[in-house]
Amino acid sequence: MQILEKIKGKFKEEIENVYIHNERRVYLDLKNKNDIEKIAKFLFYDLGMRFNIASGVDVRCGFEILYHFSDDTSGQIISVRAKINDKDKPEIVSITPVFKAAEWIEREIHELLGINFIGHPNLKRLLLSEDWPACQYPLRQKDRGS
């Protein structure tokens with residue numbers, strides 16, 4: 001858990017919650033979604049963790065993006081959760097300036113959930129056909145009411 005202690009020591013004000021699933025799987029919830037850029041930078045450049053993937057989820061009160069990082073020496077995976085509470089205009093800073101590897105997954109999340117990644121260099125379509133209706137996102141849940 002040495003990695004977790006380093007993260008918590010540097011970002012104690014930015015982390016809202018820590019959930020330790022087991023010694024190799026940890027989840028961190030951010031207080032502010034846009035802190036993901038500086039935390040990603042720290043995990044990648046300072047701790048030498050590898051960015052695996054990000055996953056977007058439509059939840060009742062908005063969206064969540066989980067950024068998954070792994071430490072190849074220990075096998076530990078750290079998932080950083082950024083919550084987006086605005087369903088009408090969901091947006092978050094892009095982490096592509098930190099590492100280009102995030103470019104395609106952010107495009108995919110944008111296309112399938114409609115989340116805008118501020119500062120992304122190219123949010124054009126990646127998966128859906130060109131005739132797919134604008135503003136219709138296949139992974140968004142249908143309105144469930146209150």
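The values are calculated or read from the model by the stated rules, or taken from the named source; none is laboratory data. Computed from a predicted model, the values in this text were never measured in an experiment. As a convention, Cβ positions derive from the backbone with ideal geometry for all residues, glycine included, and neighbour counts pool all protein chains shown. Side chains included, ligands, DNA and RNA excluded: accessible areas come from the protein's heavy atoms. Shrake-Rupley method; radii C 1.70, N 1.55, O 1.52, S 1.80 Å.
Using DSSP to call loops (not H, G, I, E or B), can you name the trypsin sites (Lys or Arg not before Pro) in region 18-60 whose Cβ has at most 14 other Cβ atoms within 10 angstrom?
Filter output for region 18-60: Arg24, Lys31, Arg60.
Under a plain spin-label model, where a point goes 7 Å from the Cα along Cα-to-Cβ, how far apart in nm are Arg60 and Val18?
2.8 nm
Looking at this model, which pairs from Lys8/Lys142; Lys10/Lys100; Lys10/Lys89; Lys8/Lys124 are more than 29 angstrom apart at the alpha-carbon?
Beyond 29 Å between Cα atoms: Lys8/Lys142; Lys10/Lys89; Lys8/Lys124.
If all Cα-Cα distances of region 1-80 are sorted into 10 Å bins from 0 onward, what percent lands in each bin, rounded to whole numbers?
All Cα pairs, binned at 10 Å, distribute as 18, 58, 22, 2 percent.
Averaged per residue, what accessible area in Å² does the chain show with a 1.4 Å probe, protein chains only?
57 Å²
Estimate the FRET efficiency between Phe99 and Lys142 by the formula 1/(1 + (r/R0)^6), using the beta-carbon distance for r and 35 Å for R0, to the nearest 0.05.
The value I calculate is 0.50.
What per residue convex hull volume, in Å³, do the alpha-carbon atoms of the chain yield?
116 Å³
Sort Thr96, Thr73 by accessible area with a 1.4 Å probe, largest first.
If we order Thr96, Thr73 from most to least accessible, we get Thr73, Thr96.
Heavy atoms only, probe 1.4 Å: what % of the accessible area of the chain goes to carbon and sulfur, would you let me know?
49 percent
Helix-only estimate, please: 222 nm mean residue ellipticity of the chain, summing -39500 (n - 2.57) across DSSP H runs of length 4 or more and dividing by its residues, to the nearest 500. Please report the intermediate quantities before stating the final value.
Working: 3 runs with 26 residues, N = 146.
Helix contribution divided over all residues of the chain: -5000 deg cm²/dmol.
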